Each structure stands twice: as structure tokens, then as C-alpha cells.
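A short write-up of the structure that comes next.
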Amino acid sequence: MIKKMYVGNLAFQSTEDDIQELFGQFGEVKSVNLITDRETGRSRGFAFVEMGEEEANAAMQSLDGTSFEGRNLKVNEARPRT
């Protein structure tokens with residue numbers, strides 16, 4: 001089963017490839033969606049990552065609160081849109 005994670009407090013210069021490489025340590029990354037500002041195209045500092053359930057759980061446990069590109073990441077399960 002696929003699990004979607006919210007990744008917050010990203011450095012504005014982080015790219016989808018950087019995030020893919022970081023989460024790839026824990027298993028196959030199904031998708032990375034870096035959220036950008038519609039007008040400027042600049043990163044808004046958060047992303048959504050999809051992985052298999054076991055890999056996602058390991059990534060959340062290991063990466064939440066760790067430093068990445070000078071910022072402490074917030075990694076948790078994404079909540080459904082309301």
C-alpha cells in the first residue's frame with residue numbers, strides 16, 4: 001500500500017531530485033511533489049512524497065526533526081484534503 005507523507009520546513013533551494021535522493025535511502029520513492037508558488041515558481045518550502053507503507057514509516061521515524069540543507073525537517077503522514 002502506498003503512503004503519502006508531508007515534508008515541511010524544506011530549504012527554498014531544495015529540488016525534487018534532492019528530496020528523492022534523501023528518501024531513496026529508505027526504499028523506492030513512488031513520487032515527489034515539491035509545492036511551488038504559482039506566480040514566482042519558487043519553492044514554498046514543503047513537498048509530498050509517496051512510498052510503500054513500510055519504507056514510509058521508516059523514513060518518517062528517521063527523518064522527522066533531522067537537519068537537511070540547514071533546516072530541521074518536519075516529516076509526517078499527509079492528511080487528506082478537506
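Brief remarks follow.
- A Cβ distance below 6 Å, combined with a sequence gap of six or more or placement on separate chains, defines the contacts here; from the range 27-53, residues that are charged (D, E, K, R) and at pLDDT 95 or above reach residues that are surrounded by fewer than 17 Cβ atoms within 10 Å (Cβ to Cβ) and part of a loop (DSSP other than H, G, I, E, B) in the pairs Arg44/Asp37; Glu53/Met1.
- Verdict on Gly24 being surrounded by 14 or more Cβ atoms within 10 Å (Cβ to Cβ), without any contact (Cβ under 8 Å) to a residue 12 or more places away in the chain and within 13 Å of the chain's Cα centre (by Cα): yes
- Looking across the range 44-82 at every residue that is of a type in the set (Gly, Ala, Ser) and not in a strand (DSSP E or B), the one that is farthest from Tyr6 (Cα to Cα) is identified as Gly70.
- Only residues that are of a type outside the set (S, T, N, Q) and in a strand (DSSP E or B) were counted across the range 26-43, and they come to 5.
- Residues in the range 54-69 that are farther than 13 Å from Gln25 by Cβ and polar (S, T, N, Q) were compared, and the one that is surrounded by the most Cβ atoms within 10 Å (Cβ to Cβ) is Asn57.
- Matching residues in the range 36-51 - criterion: being loosely packed, with under 12 Cβ neighbours inside 10 Å and in contact with a strand residue (DSSP E or B) (Cβ under 9 Å, 6 or more places away or on another chain): Asp37, Arg42
The values are calculated or read from the model by the stated rules, or taken from the named source; none is laboratory data. Computed from a predicted structure; not experimentally measured. Reconstructed Cβ throughout: ideal geometry from the backbone, glycine too, with neighbour counts over all protein chains shown.
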